[in-house]
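The values are calculated or read from the model by the stated rules, or taken from the named source; none is laboratory data. These numbers were taken from a predicted model, which means no experiment stands behind them. Counting neighbours? That spans all protein chains shown, and the Cβs are built from the backbone with ideal geometry, glycine included. The protein model used for the area step is the full one, side chains on, heavy atoms only, and it has no ligands, DNA or RNA in it. Shrake-Rupley method; radii C 1.70, N 1.55, O 1.52, S 1.80 Å.
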2 protein chains.
Amino acid sequence: MKDFAGTPGTITGFVLRIAQFMFAAGSIASMATTSSFYNFTAFCYLIAAMGLQVIWSLSLALMDAYALAKKRVLHNSILVSLFVIGDWVTATLSLAAASASAGITILYFHDIGDCTIVAECFKYQLAVSLAFLSWLTVFPSFLIMLLLLGF
Amino acid sequence: MKDFAGTPGTITGFVLRIAQFMFAAGSIASMATTSSFYNFTAFCYLIAAMGLQVIWSLSLALMDAYALAKKRVLHNSILVSLFVIGDWVTATLSLAAASASAGITILYFHDIGDCTIVAECFKYQLAVSLAFLSWLTVFPSFLIMLLLLGF
């Protein structure tokens, strides 16, 4: 297995995991502090998907930090297969949750034009944007793991 | 480059493309025959994404049919790179469109519980289901192309 930027146990891999964690945590914080997110299935699903993302990315970030500190190589093919599956599942759920929430946000604030509380609207939009950013940082991880497995 | 099931110019590859085309075309047909899809940005986006999917899958199916008839091998690395990018773009757009539409369908028919015209509700749900099936058949194509490029 080759060693390139973003693989497990590298600085870039660690930075990618921290970025995923930060965006997902920010999305949860923004959504969970609105007053009526529980009325919308898609917004609850966004919180669940981002929660899974937070757990997954934080675990992998800690593993990367351990590998960096101990100078261990994490390119075991079983471990990388597990990372590929985990990254694929979290990336797919994140994109689906972000899109479903974006669909409702656009419906309310563009199609119907019903945005009475400006602070709430901003929070919904921020949560959706952060969820998309989280997906944008998970997808490269998934591709890197897949290429690492292919080589 | 190796030759395995689902690669360009094989029977399985051709069947996958036809399945993608059929699901996407079915989704468009189901959504476009509803009376009020144009009031929802997400439903219009679903039709656009499925339209792109129809064009892409039909083109690749025709290319596969030509390769099968003429017994030509389509494993040129530039061509496969193009297939990877195209499959990734269409798969991502399909999942995003299906999720956004699913978010609104669930909002209307579960959260609000406002389904006055049963035939319309069924058509929305059918369009979303077919869009998800279309994504489920594009994603394997994307993975196969990526593995073909990696080998």
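Taking only Cα atoms and a 10 Å spring cutoff, compute GNM fluctuations for chain B and point out the largest among B:LEU107, B:LEU62, B:LEU130.
B:LEU107
Take the alpha-carbon centre of the stretch B:1-33, take the same for the stretch B:77-109, and report the distance between them in whole Å.
14
Please give the solvent-accessible surface of B:ILE55 in Å², to the nearest 10, using a probe radius of 1.4 Å with every protein chain present.
110
With the contact rule set at Cα under 8 Å and sequence spacing of 6 or more, what percent relative contact order holds for the stretch A:71-151?
This gives 50 percent for the stretch A:71-151.
List the relative contact order of the stretch B:11-150 as a percent without decimals, with contacts defined as Cα pairs under 8 Å and 6+ residues apart. Walk me through the numbers on the way to the answer.
Details: 156 pairs, mean separation 56.2, N = 140.
Taking the mean separation of contacting Cα pairs over the length of the stretch B:11-150, I get 40 percent.
Quick check on the protein assembly as shown: take the gyration tensor over C-alpha atoms, sort the square-rooted eigenvalues as a ≥ b ≥ c, and tell me if it's rounded (a/c under 1.5), prolate or oblate.
Oblate, since a/c reaches 1.5 and b/c is not below a/b.
Mind ranking B:TRP88, B:TRP135 by accessible surface for me, highest first, 1.4 Å probe?
Sorted by accessible area, descending: B:TRP88, B:TRP135.
How do A:ILE112, A:ILE47 stack up against each other in accessible area, from largest to smallest, with a 1.4 angstrom probe?
Of A:ILE112, A:ILE47, the descending order of accessible area is A:ILE112, A:ILE47.
Can you pull the percent of the protein assembly as shown's accessible area that's carbon plus sulfur, 1.4 Å probe, other chains left in place?
75
Determine the shape class of the stretch B:90-151: with a ≥ b ≥ c the square roots of the Cα gyration tensor eigenvalues, call it rounded for a/c under 1.5, and otherwise prolate if a/b is greater than b/c, oblate otherwise.
Prolate shape, in that a/c is at least 1.5 and a/b is the bigger ratio.
Keeping all protein chains in place, calculate the accessible area per residue for the protein assembly as shown (probe 1.4 angstrom), answer in Å².
Value returned for the protein assembly as shown: 46 Å² of accessible area per residue.
Distances from A:GLY51 to the same residue in each other copy, label points 7 Å out along Cα→Cβ, in nm, shortest first?
3.9
Taking only DSSP H segments of four or more residues, each worth -39500 (n - 2.57), what value at 222 nm results for chain A once the sum is divided by all its residues, to the nearest 500 deg cm²/dmol?
Rounded to the nearest 500, it is -27500 deg cm²/dmol.
Could you sort A:ASP111, B:ASP64 by accessible area so the largest value comes first, with the probe set to 1.4 Å?
Of A:ASP111, B:ASP64, the descending order of accessible area is A:ASP111, B:ASP64.
Just in the stretch A:33-100: which trypsin sites (Lys or Arg not before Pro) are loop by DSSP and have at most 12 other Cβ atoms within 10 Å?
Listed in order of number, the matching sites are A:LYS71, A:ARG72.
Which residue, chosen from A:LEU136, A:LEU107, A:SER30, occupies the Cα position most advanced towards the positive end of the dipole of chain A, where the dipole is computed from +1 (Lys, Arg) and -1 (Asp, Glu) charges on Cβ about the Cα centre?
A:LEU136
Name the residue from B:LEU60, B:ALA127, B:MET50 whose Cα lies farthest towards the positive end of the charge dipole of the stretch B:11-150, charges +1 on Cβ of Lys and Arg and -1 on Cβ of Asp and Glu.
B:LEU60
So in the protein assembly as shown, which Cys have no other cysteine's beta-carbon sitting under 4.7 angstrom from theirs?
If one checks each Cβ against the other cysteines of the protein assembly as shown, A:CYS44, B:CYS44 turn up with nothing under 4.7 Å.
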